[in-house]
Structure formats: C-alpha cells, structure tokens
Amino acid sequence: DAGVIQSPRHEVTEMGQEVTLRCKPISGHDYLFWYRQTMMRGLELLIYFNNNVPIDDSGMPEDRFSAKMPNASFSTLKIQPSEPRDSAVYFCASSLPGHYNEQFFGPGTRLTVL
Amino acid sequence: DQQVKQNSPSLSVQEGRISILNCDYTNSMFDYFLWYKKYPAEGPTFLISISSIKDKNEDGRFTVFLNKSAKHLSLHIVPSQPGDSAVYFCAASEFFYNTDKLIFGTGTRLQVFP
C-alpha cells in the first residue's frame, strides 16, 4: 500500500499567487482530513470530508482557503491569494470506516509564501 | 483556545531511562485520546490510544495513563531509545458522541541521547 500521497512536497510562491495542494488518500478510506502545522498552534484541522462530502470546514481560516474532493481518490486544498502568514506544513490524512480516530497521514507539503 | 495542551515543547532523556510526556485537556466531553509520533519530513504516525473507560493502556515500551478527574494524560516510554527521538502529539476526540474530529496539541520534541 502506497499510503497517503501528497504533492508537491515543497512549494515556494510569492504573495498573491494561487497555490494548489493535492492529496490522494489510501484506497478504501472514506474520511479525508486537511491539517496545517505551525509552531504556535501545532496541528490544526482545516476541513474534513466523509465519502467526498465536506462535513466540517470550521477550521478553514478565511475565504481565501477552499477544498474540494471530486472523487474518492483525490482532494485539493487551494489558497487564493496566498499570504506570507500561510507559510506552514500542510498535511492530508485519511482513515478507515469505523476507525476514524486512527488517521494515516501523508508526508506533508511545506509551503513558503514570500 | 487550545483544548489540548502540551506545555513542554521539548524533553531530553538519556538512553535507557524513562521518558514521560504530558498532555492536558479542557473539554470534559473528550472520551478518546491518542498519541502520534512525527519524524522530520514525515507525517505523524499513530502510536497508541486510550478510551475514557480505561486509565491505562500498554503496548510494548509505550504506556499511556489517563486521569479523567485531572483531565490529564501522559505517555511513558521505557526504556527510551535513540530511535524514539521525534515530536510527539497528543490528540483527543469526542468519539462516542459521533464526532469525527481529532484535536491535537502543539507537540513535544523528545530527544534521547546516548
């Protein structure tokens, strides 16, 4: 099993540019989560999906952030326009039905906004 | 408002000794707790969990203790090994109330030296 796949692993962009982060969950997992890791706040949940449907997006910081899950094997997190304070590591995680507390994380995307 | 707090950002322990990582929570509705371990440039991986109906759960060198009255849990690693050097995240959820979210702490960086 390949695990959760995220791309790109590193992204450097300039303020005001659009950024798209991608995630492929583990096959058969019906929950998908997007997190942001910062030194000050640790791992923050941004949004999560169940069976491709967004369930809770209360962690999305602003309207500049949006997430989609068009099918069971792909999700995107988009930031438009990006700002320097968005610089962080973004993780995607997925989990099995009935085991949603034990989440499997991808390697993360390190985003730097200059 | 941090519902899950890890007040020690770092801990240094000699190889072979016990490592104790602490976590406090404020939400009395939390009923399921997990510890994740994270190596640099990797996503967090699940380590051990405990339900609120227990006060202890053991898995090899790792033991998690839960004190519900104090809203406190701890992770004990005995004996500590250099390979245990990582960032440890405590997480909590309202599992039995059908809430899918995990709330993470800010993490504790453990360094095990020879």
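None of the figures in this text is laboratory data; all of them are computed from the coordinates on show. Since this is a predicted model, take the numbers as computed values, not measurements. Cβ placement follows ideal geometry from the backbone for every residue including glycine, while neighbour counts extend to all protein chains displayed.
Below is a table of values for the structure above.
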read-out	value
Neighbourhood net charge (11 Å Cβ-Cβ; Lys/Arg +1, Asp/Glu -1) for A:Asn50	-3
Packing rank of B:50-59, B:13-22, where each peptide gets the mean count of other beta carbons within 10 Å, highest leading	B:13-22, B:50-59
Reciprocal mean inverse distance between Cα atoms of the stretch A:21-94 - Kirkwood radius, Å	12.5 Å
Binned Cα-Cα distance frequencies in the protein assembly as shown - 5 Å width, integer %	1, 7, 14, 18, 19, 17, 12, 7, 3, 1, 0
Neighbouring partner chain Cβ atoms per residue of A:11-20, average, 10 Å criterion	0
Average other protein chain Cβ within 10 Å of Cβ, residues B:43-51	4
Computed lengthening from A:Asp56 to A:Glu102, 0.36 nm per intervening residue step minus Cα-Cα distance	14.8 nm
Gain on full stretching of the segment that runs from A:Asp63 to A:Ser27 - 0.36 nm per residue minus C-alpha separation	10.0 nm
Average beta carbon contacts from partner chains per residue of B:29-39, 10 Å cutoff	1
Average silhouette area of chain B, convex hull of alpha-carbon atoms, in square nanometres	7.0 nm²
Förster-model FRET efficiency, 25 Å R0, A:His10 and A:Arg85, C-beta, rounded to 0.05	0.85
Protection proxy ranking of A:77-86, B:105-114 - average other beta-carbon atoms within 10 Å, highest first	B:105-114, A:77-86
Nearest-0.05 FRET efficiency for A:Ser73 and B:Asn57, computed from C-beta distance (R0 30 Å)	0.35
